[in-house]
Amino acid sequence: MSDPLPVRITALAAQHIRVAKTWWRSNRPAAPQAIDQELQRAFTLIASQPTAGARATDVELPDVRRVFLPRVKYHVYYHVLSAPERIEVVALWHARRGQGPPI
């Protein structure tokens, strides 16, 4: 088994995460840390199994995958980069939006 890959978050994805966390904490007081917990699970998964996510067909950026966070109903969009090999998270997008993120 190989070592987990580092996970990096783009500026756009970081903005999506901040907005989601703010909304969640204000509107879901019974589980204010749910976004953080689900993101940590997703990052652990994709770092150790980079191909775990399904190929995203609703975005322009090539070779993007996504994993669903069932508790909070968001998708984490990411791709695997090389030199050095790493995971780059490019978006956090709610599943109820009619289309994929603008990436």
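Evaluating TRP24 against the criteria (1) outside any loop (DSSP other than H, G, I, E, B); (2) closer than 24 Å to PRO4 by Cβ leaves one unmet condition, (2). Within segment 45-72, residues that are more than 19 Å from PRO4 (Cβ to Cβ) and surrounded by 11 or more Cβ atoms within 10 Å (Cβ to Cβ) reach partners that are among the acidic types (Asp, Glu) and modelled with pLDDT of 95 or more with beta carbons closer than 9 Å, at six or more positions or on different chains, in the pairs ARG71/GLU38; VAL72/GLU38. Each residue in segment 27-44 was checked for being surrounded by 14 or more Cβ atoms within 10 Å (Cβ to Cβ) and either more than 15 Å from the chain's Cα centre (by Cα) or part of a loop (DSSP other than H, G, I, E, B) (or both), and 0 pass. The criterion of being in contact with a strand residue (DSSP E or B) (Cβ under 8 Å, 6 or more places away or on another chain), acidic (Asp, Glu) and farther than 15 Å from HIS94 by Cβ holds for ASP63.
The set of residues in segment 83-103 being assigned to a loop (DSSP other than H, G, I, E, B) and farther than 14 Å from PRO4 by Cα consists of ALA83, ALA95, ARG96, ARG97, GLY98, GLN99, GLY100, PRO101, PRO102, ILE103.
The values are calculated or read from the model by the stated rules, or taken from the named source; none is laboratory data. Note that the structure is predicted; figures quoted are calculated from it, not measured. Backbone-built Cβ (ideal geometry, glycine too); neighbour counts: all protein chains shown.
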